[in-house]
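Colleague: Mind having a look at this structure? Questions to follow.
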Amino acid sequence: MKELKVGDVIPHFTAIDTDGNTFDSASVVGHKPLVIYFYPKDNTPGCTAQACSFRDQYEDFKDLGAEVIGISSDSTASHQKFSKQFKLPFILLSDSDKSIRKSFGVPTGLFGLVPGRVTYVTDKQGVVQMVFDSVLATKHIPKALQAIKKLVP
């Protein structure tokens, strides 16, 4: 399993979104910059703080033409509840078999016990421009926004 680095192209993936529809990464790669963040679990303090921070800044990302996508191994039902409870306007994907996490090479945290918390920012073509790996949940949002701003002329 190779960890994606700056300059790598993200792998193609599909997953079920909060509405139960199949999301295909090909629908956004080639069209807009992306912020793809992997997080451990819905409704845990850090993940909730992170999701709400992305929610609060979502318009800033949209204004810059970017899409935000959150990915965890929680079920679609869990995502629906989480999304509704915190009014999350962005895409949440269920990676129940952890295949997307593996294809990105997201490392696990805490001695392999906890799924890692990593944010990737890609340009329009799906080329990784930033990788931010930190357990500090709310630090991901300003880092991602800064990286997206650099992509906009």
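Colleague: Given only helices, namely DSSP H runs of n ≥ 4 each adding -39500 (n - 2.57), what is the per-residue ellipticity at 222 nm of the chain, to the nearest 500 deg cm²/dmol?
Modeller: Helix-only estimate at 222 nm: -9500 deg cm²/dmol.
Colleague: I'd like the trypsin sites (Lys or Arg not before Pro) in the range 63-153 restricted to DSSP loop residues with at most 15 other Cβ atoms within 10 Å, sorted by number.
Modeller: Listed in order of number, the matching sites are LYS87, LYS98, LYS124.
Colleague: If I model a spin label at THR138 and SER103 as a point 7 Å from the Cα along the Cα→Cβ vector, what separation in nanometres do I get?
Modeller: 3.3
Colleague: Here's a follow-up. Read through the labelled values (i) 11.1; (ii) 8.0; (iii) 10.4 and report the label of the one computed as mean projected area of the Cα convex hull in nm² from the structure.
Modeller: Computing mean projected area of the Cα convex hull in nm² and matching it to (i) 11.1; (ii) 8.0; (iii) 10.4 gives (ii).
Colleague: Taking 0.36 nm per intervening residue step and subtracting the Cα-Cα distance, what contour gain separates LYS41 from VAL152 on full extension?
Modeller: Here the answer is 36.8 nm.
Colleague: Just ASP95, ASP123, ASP56 to compare: in a GNM of the chain, with alpha carbon springs under 10 Å, which one fluctuates most?
Modeller: Of the options given, ASP56 has the highest mean-square fluctuation.
Colleague: Rounded to whole Å, give me the distance from the Cα center of the range 22-40 to that of the range 43-113.
Modeller: A separation of 11 Å, based on Cα centres.
Colleague: By how many nm would the segment from LYS5 to ASP19 lengthen if fully extended, with 0.36 nm per residue of separation less the alpha-carbon distance?
Modeller: My answer for the length gained is 2.0 nm.
Colleague: Who wins for biggest fluctuation among LEU88, LEU113, LEU34 in a Gaussian network model of the chain, springs between alpha carbons below 10 Å?
Modeller: Between LEU88, LEU113, LEU34, it is LEU113 that shows the largest mean-square fluctuation.
Colleague: Ok, one more. Across all directions of projection, what mean area in square nanometres is found for the Cα convex hull of the range 1-74?
Modeller: Over all viewing directions, the range 1-74 projects a mean Cα-hull area of 6.0 nm².
Colleague: 7 Å from Cα along Cα→Cβ at both SER96 and LYS62: what's the point-to-point distance in nm?
Modeller: 3.0
Colleague: With all protein chains present, calculate the accessible area of SER103 using a 1.4 Å probe and round the result to the nearest 10 Å².
Modeller: It works out to around 50 Å².
Colleague: Right, here's the next one. Quick check for you: with a 1.4 Å probe and neighbouring chains kept, what is the accessible area per residue of the chain, in Å²?
Modeller: 49
The values are calculated or read from the model by the stated rules, or taken from the named source; none is laboratory data. Keep in mind that what you see is a predicted model, and the values were worked out from it rather than measured. So basically every Cβ, Gly included, is an ideal-geometry build from the backbone, and we count neighbours across all protein chains shown. Note: areas computed on protein heavy atoms with side chains; ligands, DNA, RNA excluded. Shrake-Rupley method; radii C 1.70, N 1.55, O 1.52, S 1.80 Å.
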